């Protein structure tokens, strides 16, 4: 049996899955001051009367990291940059003022100019004096040559031993220096909190006799063993929306194109599944205005939900983004979309007379009947959602392309399904689907789809290998691994073989080797390096991926 | 340049109304939008041949640099997706023999299409300027295309110019060609067009491909002085090129007062370029774009793919987006490394002064040409296609119309070695042609269709945006 638990913004949902069946679900409130407590209370209700020995896997998805950052509880992190030539580093507008060091590495990992030890010492002193206990050291192109970052860390450990240093190349090897800096800072800022949470969660499970492996859900819909995730807490940000998407993947037919609509109290999260593959945000997640390298589903949040305040200004209805309390029908102070849905007989979540009274406020301001006002409120909500979905498809179609095949291959996509999850979705999703000319799907267990998604999600992994045969070296983007690559005449097949081996090793390190064979080559290209009319080497790029997916046993007899 | 855009807008509005073309849209630089539009299309899956300078690897390090800098994430920059230009967009500029399809690959259509995406964004006011960082390049492609010359098949800027003029009713455009090679293709296409100012500065044609671009090349008889060529001595530095910009290009632009300014932005003036001998730096390129402030820049050549392009492109993008570019520098560059000799300086000053004289007397030159040539002007040309080893002979004839720029015919024969390729007769009617030129041009097209003298006969009618191609062997006419 699999357990999935999603600690969301308002509720904590849990589901128990046996083979291809959902055998039990539980829903409880989330207390932001006590994420672990919320998790355990709901889980205890779920596993009550269940033989815990039969639990094979527990998958958690939490808002822990999101909350830490949003509530300013993350730790202060100092930033040391080795930017070299190019953009003025002050133009990046980091939240903290970076210390800039001389020294530079170029795009192929060759040192352009050396570091200066006196500057490093002074930087360590200055940051220590300012009371920093954690410092991110990030160099431009240092993912292709680690020497500068390593040297700075070594000097810091002597000059300021109290400071914990993390290096950019260990967090991400992807191109984009400012994103790498932001991701490294966020990693440092949340890692200790996360580690404490993970340890406590693990202990709590063991105390309950659960011996099964515990996993955490990442923003890209993949699971990672909890103990292997300790170094990479930011990858778990936005795991809530990822859980919903995985839930829809689990509860809808395979291979189709669907819009995932998760309507909550004040926000609606939208995501796309294109021909069975969840759409990833092309460059990485944006966390509190900070652009990062975190691989995440492209989730769009709009400030509209069942409890959003409905107002009338200049004869027009506006909905949200704020919440004044519960719906009028449940004793709240202002009319809400939920009240309008009640008036139209689309839901019965409260007192009808109160709902009519609430919508009556809107009707009076508009000078129309209560029914007409209710229809207009619902139309406004549906319109916002439909517009955003269309915009998301358009943006996907308009994503830049750097190769001819990329440009020619992408065709227009339209949704086949609109799948609603979350509490407020059932009455609204059919209306959205109708406008998009798609089939509305409200899966069984829709309110806890995210917990189901977590329970049945499988691991994901990417591996991006670049081989520079002229320099005789290779780098792996994901963790900045750097090594020697022999053989000038390495073929593409040879490079793919090497990528496969590296991926397997990486999967073993992360305890997900069972899935290594599922990895597919998603992209590979070879550049002949020509200098003075003769070929001096090759640059080979190979990208492999274990894509987001659902555990086999769930798919078992489900089919469509 | 930005001054007085309003009244010029109104002028073109009247033109548009008279000619029943779409009403003009305000060019973006008059609006408050602050974004720079960027299309980066490195065509990682296209090459002329595996070891050719125009190969997959060319923009690889540039990609690494601009992505690593995080430039695409800046709020001042917005990245667009390229699209394919339509065959008609190509036919609006070129006579492709035998047809457009056989002269272009998808890569060419995407490079040209990228400029059109940015042109639309500019004219819709979404961006204040744009940079098409695309390959393959285009500025050596002439009006008639039998093959590839100077790494170019079709002319990206020219296709953009005619697209914008047709779609948005813009009339007066300036193209400044900052590639180290003479922009002979663009010059050929706009040679007779008094509404397109073409200024090219480049390494002296006596020392570099394509061996043209001398001050004596100054435009067709009705467009004299609207083509200005600035040959520069090998070894010219930032100082020399910025001198040309300040003392010739900017004053001439101010007087010409174009509605739009384009930079045909080659990067091979760089001191490390393997195919040329100039001494321009990344800082120089950034400064140039800041001063010129083009509405659009389109990449042309530049083959120092490691030592120059990553830095030059970073600098240009920053300059166009109004970001600080002072930190951009090549690894081996130290300030003061290159000095402009006094001899070079004198030579450049003399060239600039000579060109200013031509510019100032442009109307007199046209008047004189009218007297001299009467009703018809013609010239013969030989054109060599270095990439495809094709030799072309042309006879160009211009109707010296008093009402409009006049229509043009080109008779062309191409050969490869001793093997005859194709012959064609091309009739080009400019966008702002008068009705009698349109009528006479049609007649000439019909006449040549019935003769068997040429393999192909073409009629390029820009006012009606119709492009006809007739094969005399199959007697088949295709209309785009």
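The values are calculated or read from the model by the stated rules, or taken from the named source; none is laboratory data. Note that the structure is predicted; figures quoted are calculated from it, not measured. Cβ atoms come from the backbone with ideal geometry, glycine included; neighbour counts cover every protein chain shown.
Would a scan of region B:38-55 turn up a residue that is surrounded by 20 or more Cβ atoms within 10 Å (Cβ to Cβ), part of a helix (DSSP H, G or I) and touching a residue at least 24 places away in the same chain (Cβ under 8 Å)? Checking region B:38-55: not a single residue is surrounded by 20 or more Cβ atoms within 10 Å (Cβ to Cβ), part of a helix (DSSP H, G or I) and touching a residue at least 24 places away in the same chain (Cβ under 8 Å). Selection of helices (runs of 4 or more DSSP H) fully inside region B:89-182 by the criterion of at least 2 residues being not assigned by TED's automatic domain parsing to the domain that holds residue B:299 returns nothing. If only one of A:121, A:134, A:158 is in contact with a helix residue (DSSP H, G or I) (Cβ under 6 Å, 6 or more places away or on another chain), modelled with pLDDT of 95 or more and surrounded by fewer than 17 Cβ atoms within 10 Å (Cβ to Cβ), which one is it? Just a single option satisfies the conditions, and that option is A:121.
Suppose the filter is within 14 Å of chain B (Cβ to nearest Cβ) and free of Cβ contacts under 8 Å to residues at least 24 places away in the same chain; does residue A:91 pass it? Here the answer is yes, as residue A:91 does meet what is asked. If a residue has to be buried (at least 21 other Cβ atoms within 10 Å of the Cβ) and either more than 8 Å from chain A (Cβ to nearest Cβ) or within 24 Å of the chain's Cα centre (by Cα) (or both) to count, how many in region B:58-76 make the cut? The qualifying residues number 4. Within region B:306-320, the set of residues being surrounded by fewer than 24 Cβ atoms within 10 Å (Cβ to Cβ) and either more than 9 Å from chain A (Cβ to nearest Cβ) or free of Cβ contacts under 8 Å to residues at least 12 places away in the same chain (or both) comprises just one member, B:307.
Could you check region A:516-539 and list, in sequence order, the residues that are away from chain B (no Cβ under 14 Å) and surrounded by fewer than 19 Cβ atoms within 10 Å (Cβ to Cβ)?
Let us first name the residues in region A:516-539 that are away from chain B (no Cβ under 14 Å), namely A:516-522.
The answer is A:517, A:518, A:520, A:521, A:522.
Does any residue of region B:230-251 turn out to be at pLDDT 95 or above, closer than 30 Å to residue B:375 by Cβ and either touching a helix residue (DSSP H, G or I) at 6+ places or on another chain (Cβ under 9 Å) or part of a strand (DSSP E or B) (or both)? Scanning region B:230-251, I find no residue that is at pLDDT 95 or above, closer than 30 Å to residue B:375 by Cβ and either touching a helix residue (DSSP H, G or I) at 6+ places or on another chain (Cβ under 9 Å) or part of a strand (DSSP E or B) (or both), so the answer is no.
Look at region B:231-244: where a residue is on the phi > 0 side of the Ramachandran plot and a partner is assigned to a loop (DSSP other than H, G, I, E, B) and crowded, with 24+ Cβ neighbours inside 10 Å, sitting 6+ places away or on another chain with Cβ atoms under 9 Å, you get B:235/B:278. Among the residues of region A:102-136, those that are within 14 Å of another protein chain (Cβ to nearest Cβ) and touching a strand residue (DSSP E or B) at 6+ places or on another chain (Cβ under 8 Å) comprise A:102, A:103, A:104, A:105, A:106, A:108, A:109, A:111, A:112, A:113. When restricted to residues that are assigned to a helix (DSSP H, G or I) and more than 23 Å from the chain's Cα centre (by Cα), region A:1-39 contains 1. Name, by its number, the condition in (1) outside the structural domain of residue B:72 (by TED's automatic domain parsing); (2) within 29 Å of residue B:285 (Cβ to Cβ) that does not hold for residue B:356. Single failed check for residue B:356: (1). Just the residues that are within 26 Å of the chain's Cα centre (by Cα) and either free of Cβ contacts under 8 Å to residues at least 40 places away in the same chain or not in a loop (DSSP other than H, G, I, E, B) (or both), please, taken from region A:94-143. Those that are within 26 Å of the chain's Cα centre (by Cα) and either free of Cβ contacts under 8 Å to residues at least 40 places away in the same chain or not in a loop (DSSP other than H, G, I, E, B) (or both): A:134, A:135, A:136, A:137, A:138, A:139, A:142, A:143.
Restricting region A:406-417 to residues that are surrounded by fewer than 12 Cβ atoms within 10 Å (Cβ to Cβ) and without any contact (Cβ under 8 Å) to a residue 12 or more places away in the chain, the residue that is farthest from the other protein chains (Cβ to nearest Cβ) is A:411.
Does residue B:284 satisfy being more than 18 Å from residue B:38 (Cα to Cα), free of Cβ contacts under 8 Å to residues at least 60 places away in the same chain, away from chain A (no Cβ under 14 Å) and in contact with a strand residue (DSSP E or B) (Cβ under 8 Å, 6 or more places away or on another chain)? Answer is yes for this residue. In summary, residue B:277 fulfils each of the numbered conditions (1) under 17 Å from residue B:235 (Cβ atoms); (2) crowded, with 24+ Cβ neighbours inside 10 Å with the single exception of condition (2).
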